[in-house]
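Report on the following structure.
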Amino acid sequence: MGKMNLTGTEREQLLSAARSRTVRAADVRRAKLILMLEDGESRDSIMRTLGCDSRFIARWSGRFLSERLSGMYARHSGGAPKQPQARLEARVLNRTLKHKPADASTHWSSYKLAAELGDVSVSAVQRIWRKHGIEPQQLERHMISNYPDFEAKAADVIGLYLNPPAHAAMFRVEEKTAIQAIDRKDRMLPLSPGRAESHGFEYKRNGTLSLFAAFNTATGEVFGRTAARHTSEQFVAFLTDVVASQPKRREIHVICDNVSSHKTQRVADFLNAHRDVRLHFTPTY
C-alpha cells in the first residue's frame, strides 16, 4: 500500500482521534487505518489489526487521498459530520472571547453559545471551556493606578513583607478617622415571646475619635491609641509611642498610607531625630 503523504497537522489530528476515548469508534478505526497506511503496514496486517476487509481499506484510503481529513466522516442523513477537534475548539473560543451574545446579555452560557453556533452541543461547549479554563459566569475586579512611582513603591512594600530586614522591627500602621461615638436615646427592648429584640431609632452623638494602630508583622501584636484629632501632630505622637516600645537603636520600618498628614515638616523633623526609623508609603491608585 502507498503512503498517504500526511502533513504535520493531519498526522496530529489523526493521532488525536486514534487515541481518543470520546470520538466515535468508527472514526477511531478510520484514523488508525490512515496512520497504518502512512507507516507502510501491509494490507494483511491492517485487516488483522482493525478487523476489516479490503473494501474498507480501499474505500477510506481513496476517500482520504481525494478529500483529505474532510473525507474521513461517513456521509449519512443522521447528522452533520463531526468537526475536527482543533477547528471546533477554535470556533467555540473565537465566539466566546471575541463576541457578545446576540440577545445583548453580558455573559455567555453554554446553552446560549451552543444555540448560536447551531451545530455544536452544549456538552462540547462545556468541555472546551473546561479544558481552556474559561468561566464566563465569573467576574473579577481590578483597579489601574496612574501613580507614576506605583511599581517602585509597590515593590518596596511587597519586598518588606517577603524579605523583612534581619534584626529589624516592622509595623503596618492603619488609621481610622472620625469614628463616631454614638449612643441610643431610647433603651433597648429585649427579646420576648412573639417579639424580636428592638433598638431605638434615634441616637445622640458623643463626639468623634481617631484610631491609630500598628501591627507588628513579626509577632502579630497590635499597638494602638486614640486621639481627638487626626493631624501630623497625632501621627508623630503615635510614632513616638511605637519607637518607645522597641529596644533603643533597633531599626524600625513602618508601612503607612500615602496621605498628606504623613509628609509634613513635623514628620520630617521626627525622622531626622530618629535615624533608625524609616517610613514606607503604599502607592496611591
Only strands (runs of 3 or more DSSP E) wholly contained in region 219-285 count here; list those with 2 or more residues that are in contact with a His (Cβ under 8 Å, 6 or more places away or on another chain) and more than 24 Å from Leu162 (Cβ to Cβ). none
Cβ-Cβ distance below 6 Å, separation of 6 or more or different chains: which pairs start in region 209-226 with a residue that is in the same structural domain as Pro165 (by TED's automatic domain parsing) and end on one that is of a type in the set (Asp, Glu)? Phe212/Glu175; Ala213/Glu174
Test for Gln138: is it of a type outside the set (Val, Ile, Thr), surrounded by fewer than 14 Cβ atoms within 10 Å (Cβ to Cβ), more than 30 Å from Ala213 (Cβ to Cβ) and modelled with pLDDT of 85 or more: yes
Against the definition (farther than 27 Å from Ala154 by Cα and of a type in the set (A, V, I, L, M, F, W, C)), how does Ala268 come out, yes or no? no
Inside region 192-216, the number of residues satisfying the requirement of being exposed (fewer than 10 other Cβ atoms within 10 Å of the Cβ) and either out of contact with any strand residue (DSSP E or B) (no Cβ under 7 Å at 6 or more places or on another chain) or in a loop (DSSP other than H, G, I, E, B) (or both) is 8
Determine if region 78-87 includes at least one residue that is without any contact (Cβ under 8 Å) to a residue 60 or more places away in the chain and either more than 29 Å from Met4 (Cβ to Cβ) or touching an Asp or Glu at 6+ places or on another chain (Cβ under 6 Å) (or both). yes
Suppose we keep only residues that are surrounded by fewer than 16 Cβ atoms within 10 Å (Cβ to Cβ) and under 22 Å from Arg21 (Cβ atoms) within region 91-125. Which one would you say is farthest from the chain's Cα centre (by Cα)? Ser121
The condition of being under 30 Å from Gln246 (Cβ atoms), in contact with a strand residue (DSSP E or B) (Cβ under 9 Å, 6 or more places away or on another chain), surrounded by 15 or more Cβ atoms within 10 Å (Cβ to Cβ) and not charged (D, E, K, R) holds, among Ala178, Ala168, only for Ala168
Please state which one of Asp103, Asp183, Asp119 is at pLDDT below 90 and either hydrophobic (A, V, I, L, M, F, W, C) or not in a loop (DSSP other than H, G, I, E, B) (or both). Asp183
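The values are calculated or read from the model by the stated rules, or taken from the named source; none is laboratory data. These numbers come from a predicted model, not from an experiment. Counting neighbours? That spans all protein chains shown, and the Cβs are built from the backbone with ideal geometry, glycine included.
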